[in-house]
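Below is one structure, written out as structure tokens, with a few remarks after it.
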Amino acid sequence: MSRVKCRVLCIDDHEDTSEMLKLLLSHEDYEVVTAVSCAAATTLATSQEFDLYVLDRHLPDGSGLELCQSLGKVTPGVPCIFYSGDAYDIHRSEALAAGADDYVAKPDIDGLIESVRQLLSTRECAATA
């Protein structure tokens with residue numbers, strides 16, 4: 001019997017970033033689904049179960065901050081990490097105030113992978129529920 005993989009929804013309007021995250025996190029043994037907009041992310045989050053959201057602050061149809069708040073309402077308890085090029089302390093503070101569990105500035109991919117590991121290490125994956 002194969003081990004259940006935790007499911008991560010990556011939301012970034014830059015397809016190269018999404019594909020890189022999908023590749024790297026899949027290599028870490030996570031199942032990764034990507035979305036390029038708030039609308040697509042909301043549709044996926046309400047129709048499938050995820051264990052973690054990784055999102056950018058800037059999306060074509062809205063703010064990652066608003067999306068984080070919205071995802072927190074429709075899927076309470078699912079952690080959220082921002083992975084964004086906005087690297088100032090104020091951006092981190094705004095993200096945490098919006099409900100994010102962590103904020104990693106691009107291009108710190110090692111920091112992102114470590115944050116994903118930490119947040120998912122104590123969770124029972126949704127697919128096992």
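The values are calculated or read from the model by the stated rules, or taken from the named source; none is laboratory data. What you are looking at is a predicted structure, and each value in this text was computed from that prediction instead of being measured. No Cβ is skipped: glycine too gets one built from the backbone with ideal geometry, and neighbour counts run over all protein chains shown. All accessible areas refer to the heavy atoms of the entire protein, side chains included, with ligands and DNA or RNA removed. Shrake-Rupley method; radii C 1.70, N 1.55, O 1.52, S 1.80 Å.
Side notes on the structure shown:
- Residue 25 vs. criteria open to solvent by less than 10 Å² (accessible area, probe 1.4 Å), over 25 Å from residue 73 (Cα atoms) and touching a residue at least 40 places away in the same chain (Cβ under 8 Å): yes
- Checking each residue in region 51-66 for being out of contact with any Phe, Trp or Tyr (no Cβ under 7 Å at 6 or more places or on another chain) and under 12 Å from residue 12 (Cα atoms) picks out 53, 58, 59, 60, 61, 62, 63.
- Candidate set: region 100-124, residues that are within 15 Å of residue 78 (Cβ to Cβ) and among the β-branched types (Val, Ile, Thr); chosen: the one modelled with the lowest pLDDT: 122
- In summary, residue 61 fulfils each of the numbered conditions (1) modelled with pLDDT of 95 or more; (2) in contact with a strand residue (DSSP E or B) (Cβ under 7 Å, 6 or more places away or on another chain); (3) of a type in the set (Asp, Glu) with the single exception of condition (2).
- Test result for residue 95, aliphatic (A, V, I, L, M) and buried (at least 16 other Cβ atoms within 10 Å of the Cβ): yes
- Scanning region 69-92 for residues that are of a type in the set (A, V, I, L, M) and open to solvent by 20 Å² or more (accessible area, probe 1.4 Å) returns 74, 78, 87, 90.
- Boolean, residue 13 is acidic (Asp, Glu), assigned to a loop (DSSP other than H, G, I, E, B) and farther than 13 Å from residue 113 by Cα: yes
- Residue 12 within 17 Å of residue 108 (Cβ to Cβ) and of a type outside the set (A, V, I, L, M, F, W, C): yes
- Residue 7 farther than 20 Å from residue 123 by Cα and of a type in the set (Lys, Arg): no
- Residue selected from region 4-22 under the condition over 17 Å from residue 79 (Cβ atoms) and aliphatic (A, V, I, L, M), by the criterion modelled with the highest pLDDT: 20
- All strands (runs of 3 or more DSSP E) inside region 17-129 with 2 or more residues being among the aromatic types (Phe, Trp, Tyr) and within 12 Å of the chain's Cα centre (by Cα): 80-84
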